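The values are calculated or read from the model by the stated rules, or taken from the named source; none is laboratory data. A quick note: this is a predicted structure, and the numbers were derived from the prediction, not measured. Cβ placement follows ideal geometry from the backbone for every residue including glycine, while neighbour counts extend to all protein chains displayed. When the accessible area is computed, the model is the full protein with side chains, heavy atoms only, and any ligands, DNA or RNA have been set aside. Shrake-Rupley method; radii C 1.70, N 1.55, O 1.52, S 1.80 Å.
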Amino acid sequence: MIKKLFTTFAFSAILFLFLSSCGHKATTPKKLDVQTAVVSVDTIARLSDAIQCHVHIDFTYLKGNKYDAINDSLLRMGLLQPDYFSINSEKLAPQTAIPAFVRQYIKDYMDIAQLIRQKEKDKSKLIGELTIKTELKAAMGNYITALSHIAINNGNGQQTKYTIVRNFNSQNGHLVTLQEQFGDDYKEQLTKEIIKRLADKEKLENDDIVGLQTRGYFVGIPPYPAENFILTDDSTVFIYTPGEINQNEVRVSIDN
């Protein structure tokens, strides 16, 4: 009798899982339907044993001459930090722009490092490093999400990591804004949803900013939706960089 009951229970459990899986179709990452290529630069500049700078860049772009204008826009979106190219009036191409970016960064780093060494009378050791890796992913509709993963050490021994995100139209390179996607009242609408999601994450009884501030969110600043966001067909993920609303990176996902 016990064996029969166990068999019935096991069969029921398997049937329940099967029916549940039928009701919730498994999702797979959306595939980017355009070809990409990568420009990579890895170099170490050495002024002395005390002043050095290592720069590594992997910049992903759309492959093909028809995407030249979009790739030009991609270089101006702030995915590269410092943002040397946003006000540049010349036509940009990844193959030449990335090496130029590296040269400019190293020059600026060396100039600042020498000034610091002079001021501190050669007591400091400045071994800097900058790593930037970008990637392109399929987003909502015909949009593409560009993510830039940045790690920087200005020579003080402490590394800072953060992510910059941009969404753009794959047809013309137009940057997608929250207002375009969610309407004129997007700030109020999205802020309420973000507060609710964070409150749920922190297991707060009330969905209010006061409770979140006691947990270290939005301290001294009003809540807002980050302009750093990943846009998909199903959801929008807001990414707050370390120190923006919390000492750590914060990601909040809401349903579209």
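Laid out as a table, the results:
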{"read-out": "With Cα atoms, 0 to 90° folded angle of helix 94-119 axis to the chain main axis", "value": "70 degrees"}
{"read-out": "Local electrostatic count at Met140 - Lys and Arg +1, Asp and Glu -1, tallied over other residues with Cβ under 13 Å", "value": "-2"}
{"read-out": "Within the range 111-256: Cβ-based charge dipole about Cα centre, in debye rounded to nearest 20 (Lys, Arg +1; Asp, Glu -1)", "value": "860 debye"}
{"read-out": "Solvent exposure of the range 25-79 as accessible area per residue, Å², 1.4 Å probe", "value": "58 Å²"}
{"read-out": "The range 54-141: GluC sites (Glu not before Pro) in DSSP coil with no more than 16 other Cβ atoms inside 10 Å", "value": "Glu90, Glu120"}
{"read-out": "Phe238 accessible area, assembled protein chains, probe 1.4 Å, Å²", "value": "0 Å²"}
{"read-out": "GluC sites (Glu not before Pro) within the range 161-227: DSSP coil, no more than 10 neighbouring Cβ in 10 Å", "value": "Glu205"}
{"read-out": "Rounded if a/c under 1.5, otherwise prolate or oblate - the chain, Cα gyration tensor axes", "value": "prolate"}
{"read-out": "Cross-link table Lys133/Lys187; Lys133/Lys192; Lys30/Lys192; Lys63/Lys91; Lys133/Lys161, entries beyond 21 Å C-alpha to C-alpha", "value": "Lys133/Lys187; Lys133/Lys192; Lys30/Lys192"}
{"read-out": "Amide H contacts of Thr36 (H built 1.01 Å from N, under 5 Å, at least 5 apart or other chain)", "value": "Lys63"}
{"read-out": "The chain: most fluctuating residue of Leu80, Leu115, Leu212 per GNM, C-alpha cutoff 10 Å", "value": "Leu115"}
{"read-out": "Surface share of carbon and sulfur [accessible, 1.4 angstrom probe, percent] for the chain", "value": "54 percent"}
{"read-out": "Mean accessible surface per residue for the range 107-256, computed with a 1.4 Å probe while every protein chain stays in place, in Å²", "value": "56 Å²"}
{"read-out": "Value of relative contact order over the range 206-256, rounded to a whole percent, pairs C-alpha under 8 Å and six or more apart", "value": "29 percent"}
{"read-out": "Angle between the chain longest axis and helix 186-201 axis [Cα atoms, degrees, rounded to 10]", "value": "70 degrees"}
{"read-out": "Charge context of Val41, other residues only, Cβ under 15 angstrom, K/R +1, D/E -1", "value": "0"}
